[in-house]
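A short reminder: the numbers here are calculations on the coordinates, not readings from a lab. Nothing here was measured: the structure is a model prediction, and the numbers come from that model. When we count neighbours, we look across all protein chains shown, and the Cβ atoms used for this are built from the backbone with ideal geometry, even at glycine.
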Amino acid sequence: MRPAQPTSRDYGNQPVPLLFAWRGSSRAAFTSLGPIVLTSLAFAFLLGFVRIKVAAPQFKMADKASWIQLPATGNGVAWALRAKEGGPMLARYEPSDWGPYAPLAAEVLQATRIPARPYAPALRALPPEGLAPPMVLADKGTPVMPRRAPPPAPPLARRECRLAPLLYPLSAVGAATLPLELPPFSAAVDEAMAATDWRFLLRLHPGGGVAEAVALTKAAGSSGPLLENWLRGVCFDPKLAADGEWLAVGIRFNNQTINGTDPH
């Protein structure tokens, strides 16, 4: 059998009764759940049956304003001053609104302004002998002869030039194997002929002469046949004819001076 739980505590010789039996009681579970259940029921009752009504405010500001126009003289100035002083925004004194302010401010600025003094540079006196260099005196007994200026050199005579054709290689042949001496070109060279990039395919003789010249550049006029006839007078190295019969070269025009060997 479970022993009985004490319901009082002895303090000295007098027993003190306890309100609740906190430990060892068979109703401990009911004792802990009872307050929670009662509180929940009370809260549910208040939530379901109690209604709190919030009344609308009695005072409501209207979305409107008033505007009063006051005259600029007489009582209007006094009413405007009272509106500024009694309004939510404090009135402020503006010095610029005062009549004597403008001339007084001008006098203050004039008194505090630094005087502008014009810059006047001091001029130095010139030396007594002037700006001319002093003359060098000769020694006694030594004649002074003026320096003789050399005669002006005659201008170089302008040598006349004319456009002449010049060869450059297009195939694997180097520029050193091309002939240095070229026959004179007697025909007149115009702008179209000098601006054209001429290219020819040449078939050589065993001796180095040109047997056939085929123009690879298409050009209008008689410029192509003139250059073909000029190429037939060019003599190449015989080794080029031994390596292969055909050779590709280009022609450009360059200014050359007219010398005594030129028939023109």
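Computed from the C-beta positions of Asp237 and Thr142, the FRET efficiency with R₀ = 45 Å rounds to 0.05. Between Leu47 and Thr112, residue separation times 0.36 nm minus the direct Cα-Cα distance comes to 15.2 nm. Residue by residue, what Karplus-based ³J(HN,Hα) values in Hz, rounded to whole numbers, does segment 233-242 have, using 6.51, -1.76 and 1.60 with θ = phi - 60° and x for Gly and Pro? Per residue, the Karplus-derived 3J(HN,Hα) values read x, 7, 10, 9, 5, x, 5, 5, 5, 6 Hz. For Ser171, nonlocal amide neighbours, meaning residues 5 or more places apart or on other chains whose placed amide H falls under 5 Å from its own, are Ala248. For Ala211, the amide hydrogen comes within under 5 Å of the amide hydrogens of Arg203, Leu204, His205, counting only partners 5 or more places away or on other chains and with H modelled in the peptide plane.
What shape does segment 148-199 take by its C-alpha gyration tensor, where a ≥ b ≥ c are the square roots of the eigenvalues and a/c under 1.5 counts as rounded, a/b above b/c as prolate, and the rest as oblate? In terms of gyration-tensor shape, prolate. Derived scalar couplings between HN and Hα for segment 180-197 equal 8, 9, 10, x, x, 9, 7, 6, 6, 9, 8, 5, 5, 5, 6, 7, 7, 8 Hz in order, rounded to whole Hz, by the Karplus curve 6.51 cos²θ - 1.76 cosθ + 1.60 (θ = phi - 60°), x for Gly and Pro.
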